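Data first, discussion second: the structure below is written as C-alpha cells.
The values are calculated or read from the model by the stated rules, or taken from the named source; none is laboratory data. All figures in this text were calculated on a predicted structure; none of them were measured in a lab. Positions of Cβ are generated from backbone atoms using ideal geometry, with glycine treated the same way; all protein chains shown enter the neighbour counts.
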Amino acid sequence: MSVVVFVEVKNKVSKAAMEAVYYGSQLGSVTVVTYGDTSEEILKELGNYGAENILVCRSLNESNDQALTNLIVAAVEKTNAEFVVLAQDQTGKGVGPRISAKLNAGHISGAIDLPETSNGFVVKTNVYSGKAIAHVALHSAKKVISILPNSLAPQLNQKDANLEEFSPDLGTFGIKVKELKSQGDGVPLPEAELVVSAGRGLKGPENWGIVEDLADVLGATTACSRPVADIGWRPHHEHVGQTGVAIRPNLYIAAGISGAIQHLAGVNGSKVIVVINTDPEAPFFKAADYGIVGDAFEVLPRLTEAVKKFSASQN
Amino acid sequence: MKLLVCISKVPDTTSKINFVDNNTKFDENGVQYIVNPYDEWYALVRALELVEAQGGSVTTITVGTASDDPTIRKALAIGANDAVRIDADPSDPHFVAKQIAEYAKNENYDIILTGKETINYNGSQIGGMIAEMLNTPFVSLATKLDVNNNVATLERDVKGGVEVVEVVTPFVLSAAKGMAEQRIPNMRGIMAARTKPLNVISPVEQEPLSSVVKFELPDAKSGCKYIEPENMDELVELLHNEAKVI
Ligand SMILES: Cc1cc2nc3c(=O)[nH]c(=O)nc-3n(C[C@H](O)[C@H](O)[C@H](O)COP(=O)(O)OP(=O)(O)OC[C@H]3O[C@@H](n4cnc5c(N)ncnc54)[C@H](O)[C@@H]3O)c2cc1C
Ligand SMILES: Nc1ncnc2c1ncn2[C@@H]1O[C@H](COP(=O)(O)O)[C@@H](O)[C@H]1O
C-alpha cells in the first residue's frame with residue numbers, strides 16, 4: 001500500500017510532521033512530499049519516523065492552497081498512492097479538503113487515532129467541539145486523513161529515506177501573499193505540549209508577567225480565555241475555546257478561568273488539566289485533574305519557583 | 001457585488017451532548033438550534049457590511065431539511081436578501097460541498113463565504129471542497145476582508161502568524177473570529193424576514209464518501225485531586241511522577 005504524507009519542514013522537524021509520517025508508516029510505504037529550501041540533512045530525519053522516499057519541490061516557497069493541492073496530487077499519481085496523510089493545522093485546513101475533492105476521496109478531518117480496519121476503514125475524530133468522538137467510515141478507494149495535532153505519540157520507525165527533487169506543474173496561484181506578520185518563534189498553540197492559560201481572574205494585562213514566568217520555566221506556550229482576548233489584554237491568537245483555537249496539550253494549566261462550557265470545548269482534549277481558582281465552586285474544577293483553590297497572584301509565582309527547583313534537581 | 005454565504009444549523013453552544021439509537025444519532029431532545037456562530041457572526045455580517053457599503057446582494061445557502069428553516073429565517077432577519085435551501089440531509093461533507101458548488105456554478109458569485117468550521121462537526125471541510133470543485137482560490141481562516149472592485153485584500157491565520165493576501169474574485173473563503181462583530185436582529189428585520197424568498201431546490205446526485213458509524217462520549221475525568229495552595233512542590237511532584245507530563 002502506497003501512502004503520500006504531506007509535511008511542512010522549516011529549520012526543524014515539527015511534532016506535527018513526525019505524527020503525520022508515523023501515521024502514514026502504519027498504513028503502508030511512505031513517500032513524503034514537501035517543498036521549500038530546507039536542507040537535505042533535516043529532511044532526511046523524516047526517515048526516523050518511517051519515510052522511505054522524500055519528494056521535495058524546491059521551486060515552491062509559500063504555502064499556496066492551489067499549488068500544494070497540485071503538488072500533492074502529482075505525488076499521489078506518481079506513487080499510485082491510496083492514502084494521503086497530513087496535519088490538520090492551518091495549512092492542512094486549506095489543502096486537505098481540496099485534495100479530497102480533487103481525488104474524489106473521503107476525508108477524515110481531524111483524526112485522533114489510527115484507523116480501525118476490522119470492518120471497513122473507520123477513524124475516530126473529535127466532534128461537538130471535543131464533547132464527543134465520532135467513528136467515521138470512509139467508503140472511497142482513495143482516502144485523505146488529516147491528523148489533529150498532538151493526537152499520537154510518534155514512535156521511531158527507522159528507514160533510510162531516499163531524497164528526490166520533484167517539480168510537477170503547480171498551476172496558477174490565485175492568492176498573492178503581500179506580507180507575513182509573524183507571531184514570533186514560540187511553539188504555536190495547536191502543537192504545544194504544555195500550555196499555561198489565564199482568564200479574567202488576572203484582573204488586567206499588566207499582571208500577565210506571572211503567567212509568562214511560569215510558561216518560561218516550563219517551556220510552555222501561553223493561552224487565554226475569550227473575554228481576555230476580546231478586551232485586548234492578550235492577542236487574539238491566544239484565545240482558546242469553542243470560537244478560538246482548540247488544543248490538546250499534555251498539560252493545560254488554567255488560572256483565573258471559570259471553566260464555561262465554551263471554554264472547555266476547546267481544551268477538554270488536554271491530557272492533564274490543572275485549575276487555579278479562588279472560587280471552590282468554579283465549574284472548571286469538574287473538568288480538572290488537579291485543583292488548587294487559591295489566589296493566582298500567590299499560587300502562580302509559587303508554582304514557578306517549584307518548577308525551577310524541580311528542573312535544577314533534574315540536572 | 002454578489003455574495004453567497006453558506007449557513008448551517010448547530011446545537012446551541014451550551015447544549016448537553018448525548019446520543020440515542022445505540023449511539024448512532026445525536027439526541028435532539030431539549031436542544032435549541034442556532035446558526036453556526038462562524039457563519040452568522042463573521043461570514044454573514046461581513047458580507048452584509050460590504051454590500052451595504054458598496055451595493056449588491058447577499059444570498060444564504062443551506063443544505064438541509066425543513067427543520068433548518070428557522071435558522072435560515074434568522075439569517076434573513078439579520079439582513080440577507082434571500083435564501084436557498086437544498087432539500088437534503090447534510091450527512092457527508094462531499095455531498096454538501098457538491099450541492100453548493102453545483103448551485104453556485106452558473107450564478108457568478110464574487111465571493112462564497114463559509115464559516116471556519118461548524119461547531120458540531122468541526123470539519124473545516126466544506127469551503128475548501130467548494131473551491132476545488134469550482135476551481136477557485138480558497139482563503140482559509142480569514143480574519144479580515146476588504147474588497148475593491150474585483151480585488152479582495154484579506155488577513156488570515158497561517159502557521160506562525162497572520163498573512164495579508166490579495167485575491168482576484170471569484171474565490172471562496174472560510175471566516176474566523178475578527179472579520180466582523182455579531183449583530184442582533186431587530187424587530188423590523190424579523191418581520192421582513194418572514195416574506196423574504198427562501199427557495200427550496202432538489203439536490204443533485206452525489207455518492208457519500210463517508211458516514212458516521214457511531215458516536216462515543218469521552219471518558220469522564222476520574223475526579224479532581226485538590227492540592228493546598230502552599231504546596232506547589234507537591235503539585236510538581238504529582239505532575240512529574242503521577243501524571244508524567246513534565
Ligand atoms: C457562543 C459563545 C462562544 C464562546 N466561545 C468562547 C471561547 O472560545 N473561549 C472562551 O474562553 N470563552 C468563550 N465564550 C465565553 C464563555 O462563555 C465565558 O464567558 C468565558 O470563558 C469566561 O472567561 P473567564 O473564565 O476568563 O472569565 P470569568 O467567567 O469572569 O471567570 C473569572 C474566574 O476567575 C476567578 N478568579 C478571580 N480572581 C481570581 C484570583 N485572584 N485568582 C484565581 N482565580 C480568580 C473567578 O473565581 C472566576 O472563576 C463563549 C461564549 C459564547 C456565548
Ligand atoms: N449543511 C450545510 N449547508 C450549508 N453550509 C454548510 C453546511 N455545513 C457546513 N456548511 C458551511 O461550511 C462551513 C464549514 O463546515 P464544516 O466543514 O462542517 O466544519 C460552515 O461554517 C458553513 O459555512
**OP:** Go through (1) within 26 Å of A:Asp89 (Cα to Cα); (2) outside any loop (DSSP other than H, G, I, E, B) and name the single condition B:Glu181 misses.
**Re:** (2)
Original post:
Out of the residues in the stretch B:142-159 that are crowded, with 18+ Cβ neighbours inside 10 Å and either out of contact with any Leu (no Cβ under 9 Å at 6 or more places or on another chain) or not hydrophobic (A, V, I, L, M, F, W, C) (or both), which is farthest from B:Asn108 (Cα to Cα)?
Top reply: B:Lys159
Original post:
When residues of the stretch A:218-243 are filtered for being touching a residue at least 12 places away in the same chain (Cβ under 8 Å), at the interface with chain B (Cβ under 10 Å from one of its Cβ atoms) and assigned to a helix (DSSP H, G or I), how many remain?
Top reply: 4
Original post:
Given B:Val51, B:Val10, B:Val31, which one is assigned to a loop (DSSP other than H, G, I, E, B), hydrophobic (A, V, I, L, M, F, W, C) and in contact with a strand residue (DSSP E or B) (Cβ under 7 Å, 6 or more places away or on another chain)?
Top reply: B:Val31
Subject >> Odd one out for B:Pro208 among (1) more than 8 Å from chain A (Cβ to nearest Cβ); (2) over 30 Å from A:Glu191 (Cα atoms) >> reply: (1)
Subject >> Failed item in (1) modelled with pLDDT of 95 or more; (2) more than 13 Å from chain B (Cβ to nearest Cβ), with A:Gly106 passing the rest >> reply: (2)
**OP:** Tell me which of these B:Val200 doesn't satisfy, since it passes every other one: (1) part of a strand (DSSP E or B); (2) at the interface with chain A (Cβ under 10 Å from one of its Cβ atoms).
**Re:** (2)
**OP:** Please state which one of A:Leu264, A:Leu300 is assigned to a helix (DSSP H, G or I), under 18 Å from the mean Cα position of the chain (by Cα) and not assigned by TED's automatic domain parsing to the domain that holds A:Ala132.
**Re:** A:Leu264
Subject >> Among the candidates B:Ala83, B:Ala101, residue that is within 11 Å of ligand 2 (Cβ to nearest atom) and either at pLDDT below 95 or of a type in the set (A, V, I, L, M) (or both) >> reply: B:Ala83
Original post:
Can you name the residue in the stretch B:160-178 that is without any contact (Cβ under 8 Å) to a residue 60 or more places away in the chain and not in a strand (DSSP E or B) and, of all such residues, is farthest from B:Glu107 (Cα to Cα)?
Top reply: B:Gly160
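Here is a yes/no grid of residues against (1) facing chain B (nearest Cβ under 9 Å); (2) within 27 Å of B:Thr118 (Cα to Cα); (3) hydrophobic (A, V, I, L, M, F, W, C); (4) not in a loop (DSSP other than H, G, I, E, B):
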| residue | (1), (2), (3), (4) |
| --- | --- |
| A:Ser63 | yes, yes, no, no |
| A:Leu71 | no, no, yes, yes |
| A:Asn119 | yes, no, no, no |
| A:His135 | yes, yes, no, yes |
| A:Ala141 | no, yes, yes, no |
| A:Leu170 | no, no, yes, no |
| A:Glu179 | yes, no, no, yes |
